Amino acid sequence: MALIQYLTPVHFEFGAIRFLGAELDRLGIRNPMLVTDPGIVRSGLLGTIAAHLPPIDSSRIFDSTPENPTQAAVAAAAALFREQGCDGIVAVGGGSPIDLAKGAALMATHDGPLEQFAAAEGGIARITQAVAPVIAVPTTAGTGAEVGRAAVIVMDDGRKMAVISPHLIPRSAICDPELTLTLPARLTAGTGMDAIAHCIETFLAPAENPPAEAIAMDGLARGVAHIAQACADGGDRNARWQMMMAALEGGLTFQKGLGAVHAMSHPLGALRGVTVHHGTANSILLPAVLRFNAAGAERKYGRMRIILGLPEGADLAQFFLDLGRRLGLPTDLRSIGVPWEAIPALADAAAKDFSARTNPRPAAAADYRLLLEEAYG
Ligand SMILES: [Fe+2]
């Protein structure tokens, strides 16, 4: 596969939120719906953003995005969009509100249940350009959802599925590092490790796409160089800018596909009874996957060592384990409350996950079981 595609207009700078009104005009959005989550409402950031929107009453604000967006929440947001006669969405927050907004923009304009649009169900062909326009305003530096073509949603039946289409790419991304200055250290670490995992997994994915690989390696270098400082001093503007750029770059490379880390973190995010933070799960899983993928990836591992300034033959799995530890992130699945008994079902779901298809080393459910056991601690 050699599809190389970069399309999204991105405003990237401190204060970029001032372009929101102009972007709404450019896209012809007169009656926007705002999609966000309770954390953003509590943070007070909504006031900063609303100042750049036409007057918007609370009936057009969907602020109950769950930590892992669900089919029911997508349906509720799509219903609100239709009821209010909206013509576009401004999504504000981390990956969850942005993914939920993509799902709502799809369901407000397409008939049929959401799961029929999931990539695993052959849904890509059913998604048309009728998808309502979304402007993404990320407030974390990690998911890359602002330029990604996927929305990852927990379906009513418990499966966490990716809905993927170029039509789901936000029509505009406003990346304003100012909006990340108050992000707590733990979330800075978790979301930052998500960005780093995107850069690594997309780099290792087998598709031929040298531009994406170059972007992934630039994002990896920035992310690893600045994540600790962004956590230690949230007000460090340079570190915040660098982390937001690393996240954007990770998102730009999604087109190559992800790998085993995300194949496992998706079903972990769908677990009932325990809320697993996506980026934190990726940080935990990364060392085991790097060990698993090492055979056959010598050239790319060598390039990563050079990018990271590590000596020849250095243990990349150990490097990322140490990094997670240094950031104060949990380093095993046990400590984040994942029940041991869940592993067989998680392994089956991982093997069927869309991201499993682009892992550089083919992995079956039995392999995923071993990886999850290794990461369990
Ligand atoms: Fe991710």
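Counting just the residues of the stretch 43-67 that are assigned to a helix (DSSP H, G or I) and among the hydroxyl-bearing types (Ser, Thr, Tyr), which one comes out surrounded by the most Cβ atoms within 10 Å (Cβ to Cβ)?
Out of the qualifying residues, it is Ser43.
Pairs, please: C-beta under 6 Å, at least 6 apart or cross-chain, first residue free of Cβ contacts under 8 Å to residues at least 40 places away in the same chain and in the stretch 50-71, second among the β-branched types (Val, Ile, Thr) and open to solvent by 40 Å² or more (accessible area, probe 1.4 Å)?
From the stretch 50-71, the pairs are Asp63/Val41.
Is it true that Arg30 is in contact (Cβ under 8 Å) with a residue 24 or more places away in the chain, within 24 Å of Gly148 (Cα to Cα) and open to solvent by 40 Å² or more (accessible area, probe 1.4 Å)?
Spelling it out, it is not the case that Arg30 is in contact (Cβ under 8 Å) with a residue 24 or more places away in the chain, within 24 Å of Gly148 (Cα to Cα) and open to solvent by 40 Å² or more (accessible area, probe 1.4 Å).
Name every residue in the stretch 94-113 that is within 16 Å of the ligand (Cβ to nearest atom) and either charged (D, E, K, R) or assigned to a strand (DSSP E or B) (or both), in order of residue number.
Hits for the stretch 94-113 are Asp99, Lys102.
Looking at (1) buried (at least 21 other Cβ atoms within 10 Å of the Cβ); (2) touching a Lys or Arg at 6+ places or on another chain (Cβ under 8 Å), which is the only condition Ile40 fails?
(2)
From the list Gly279, Gly296, Gly377, pick out the single residue that is touching a helix residue (DSSP H, G or I) at 6+ places or on another chain (Cβ under 6 Å) and modelled with pLDDT under 95.
Gly377
Residues being under 24 Å from Met264 (Cα atoms) and in a loop (DSSP other than H, G, I, E, B): count how many of those fall in the stretch 149-192.
Residues that pass the stated criteria total 8.
Only one of (1) more than 16 Å from the ligand (Cβ to nearest atom); (2) surrounded by 24 or more Cβ atoms within 10 Å (Cβ to Cβ) fails for Gly142. Which number is that?
(1)
Can you name the condition, by its number, that Ile306 falls short on among (1) part of a loop (DSSP other than H, G, I, E, B); (2) aliphatic (A, V, I, L, M); (3) more than 13 Å from the ligand (Cβ to nearest atom)?
Looking at each condition in turn, Ile306 falls short on (1).
How about the stretch 217-238: which of its residues are touching an Asp or Glu at 6+ places or on another chain (Cβ under 7 Å) and open to solvent by less than 40 Å² (accessible area, probe 1.4 Å)?
Answer for the stretch 217-238, where residues must be touching an Asp or Glu at 6+ places or on another chain (Cβ under 7 Å) and open to solvent by less than 40 Å² (accessible area, probe 1.4 Å): Gly219, Ala230.
Conditions (1) more than 18 Å from Tyr6 (Cβ to Cβ); (2) modelled with pLDDT of 95 or more; (3) touching a strand residue (DSSP E or B) at 6+ places or on another chain (Cβ under 7 Å), marked per residue:
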position	(1), (2), (3)
Ala132	yes, yes, yes
Ala136	no, yes, yes
Gly142	yes, no, no
Gly148	no, no, no
Val154	yes, no, yes
Met161	yes, no, yes
Ile164	no, no, yes
Ser172	no, yes, yes
Cys175	no, yes, yes
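Please determine whether any residue of the stretch 258-279 is touching a residue at least 24 places away in the same chain (Cβ under 8 Å), more than 30 Å from Val154 (Cβ to Cβ) and surrounded by fewer than 22 Cβ atoms within 10 Å (Cβ to Cβ).
No; the residues of the stretch 258-279 include none that is touching a residue at least 24 places away in the same chain (Cβ under 8 Å), more than 30 Å from Val154 (Cβ to Cβ) and surrounded by fewer than 22 Cβ atoms within 10 Å (Cβ to Cβ).
In the stretch 160-174, is there at least one residue being touching a Pro at 6+ places or on another chain (Cβ under 9 Å), surrounded by fewer than 24 Cβ atoms within 10 Å (Cβ to Cβ) and more than 27 Å from Glu23 (Cα to Cα)?
yes
Within the stretch 343-366, work out how many residues are surrounded by 18 or more Cβ atoms within 10 Å (Cβ to Cβ) and more than 28 Å from Leu308 (Cα to Cα).
Looking only at that region, the number is 8.
Mind telling me which of the residues Ala91, Ala77 ends up being assigned to a helix (DSSP H, G or I) and not basic (Lys, Arg)?
Only one candidate passes the filter, namely Ala77.
The values are calculated or read from the model by the stated rules, or taken from the named source; none is laboratory data. The structure presented is a predicted model; accordingly, all values stated were derived computationally and were not measured. With ideal geometry, Cβ positions are generated from the backbone for all residues, glycine too; neighbour counts draw on all protein chains shown. For the accessible areas, the whole protein counts, side chains as well, though only heavy atoms, and no ligand, DNA or RNA atoms are used. Shrake-Rupley method; radii C 1.70, N 1.55, O 1.52, S 1.80 Å.
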